[in-house]
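Novice: Structure below; questions to follow.
The values are calculated or read from the model by the stated rules, or taken from the named source; none is laboratory data. Source: prediction; values computed, not measured. So basically every Cβ, Gly included, is an ideal-geometry build from the backbone, and we count neighbours across all protein chains shown.
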Amino acid sequence: MTKLHVMVDFRIYEDQGKRVLVFWVAGRPLGLPVQVDGVAWWYEGDSLIPMPEKIRRQIYAEAGFDFSGSVCTGATIDDLDASAVDEFRKKWAEKSSQHRIMNLSHEQLLRDCEAITSDGITYAALVLFGKRESLGKFLPQAEVIFEYQSSEASGPASQREEFRTGFFAYYNRLWELINLRNDKQHYQEGLFIYDIPTFNEHVVREAILNAVSHRNYQMGGSVFVRQYRDRLVVESPGGFPNGITVENILDRQSPRNRRVAEILALCGLVEHSGQGMNLMYER
């Protein structure tokens, strides 16, 4: 469970004085192969090999058209921020323990993670690594806006920052802004009083990653992250993907932007099997 992030349950049955242990292993999510350390594995005879690209693409096709995987006409590698690419490189090398990644050129790195294909620059590359001026030209709605409201009264935000750059250029800054006003809460257990932060860093990052991975980039409007004294509201254009509701969100997965999710999974920022919402709920 720790390596695969696939839900496993079990039951013990008594039968004629003996114990029978039965495991239930969840199938992979629709449209996503299960990965270990950034690699989807496949059996060829008795050998375990990286899953052939043809098979992976068949799995991705299960969930329908992926806008983030389509090519942005007119975009070039010069539209991508080298520092954002290097931040991704560092996280991917740490996650996979493949040190060769540190020696790849920017273009080869982006081809290896399929942000660039033989047809050109994908929209996923712009979402994750794009320069500000490039997003303004090709995908202006791919921005995240942070606002802090000091009270419930209507009016302008006490602080506002707009991020119209690739995700890897701002994701740490976004948490820093939230953590600036992360007050301690107190609870008592027996004779002891403990402090916990109002906003759990893991949960906040999962919520933001969820918005970036699953918003509808073909719709106008931005992702809004609104912080109040005692709650955080993340608004993402597009609503739930097909088949996902409030009632089944902990049990079902349906990735809207598979290419974005795949790249984020390579470097360990998201749960590849779609268990991010479960982890948020449990924490």
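Novice: Exactly one of (1) more than 19 Å from ALA265 (Cα to Cα); (2) surrounded by fewer than 13 Cβ atoms within 10 Å (Cβ to Cβ) is unmet by GLU143. Its number?
Specialist: The single condition GLU143 does not satisfy is (2).
Novice: Across the stretch 22-65, what is the number of residues that are outside any strand (DSSP E or B) and at pLDDT below 85?
Specialist: 23
Per-residue answers, yes or no, for (1) buried (at least 16 other Cβ atoms within 10 Å of the Cβ); (2) more than 20 Å from ARG283 (Cβ to Cβ); (3) in contact (Cβ under 8 Å) with a residue 12 or more places away in the chain; (4) in contact with a His (Cβ under 9 Å, 6 or more places away or on another chain):
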position	(1), (2), (3), (4)
LEU191	no, yes, no, no
TYR217	yes, yes, yes, no
VAL223	yes, yes, yes, no
GLU235	no, yes, yes, no
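Novice: A follow-up question, please. Have a look at ALA153, ALA169, ALA207 and point out the one that is aliphatic (A, V, I, L, M) and in contact with a Ser or Thr (Cβ under 7 Å, 6 or more places away or on another chain).
Specialist: Just one listed residue meets the conditions, ALA169.
Novice: Touching an Asp or Glu at 6+ places or on another chain (Cβ under 7 Å) and in a loop (DSSP other than H, G, I, E, B): is that true of THR245 in this structure?
Specialist: no
Novice: Going by the conditions given, is GLU87 part of a loop (DSSP other than H, G, I, E, B) and under 19 Å from the mean Cα position of the chain (by Cα)?
Specialist: no
Novice: Counting only residues that are free of Cβ contacts under 8 Å to residues at least 60 places away in the same chain and not in a loop (DSSP other than H, G, I, E, B), which one in the stretch 206-215 is farthest from the chain's Cα centre (by Cα)?
Specialist: HIS214
Novice: While we're on this one: For the stretch 1-48, how many residues are closer than 23 Å to LEU250 by Cα and acidic (Asp, Glu)?
Specialist: Within the stretch 1-48, residues that are closer than 23 Å to LEU250 by Cα and acidic (Asp, Glu) number 1.
Novice: State which residue is farthest from LEU80 (Cα to Cα) when the search covers only the stretch 104-157 and only residues that are of a type in the set (A, V, I, L, M, F, W, C) and in a loop (DSSP other than H, G, I, E, B).
Specialist: Once the filter is applied, the top-ranked residue is ALA153.
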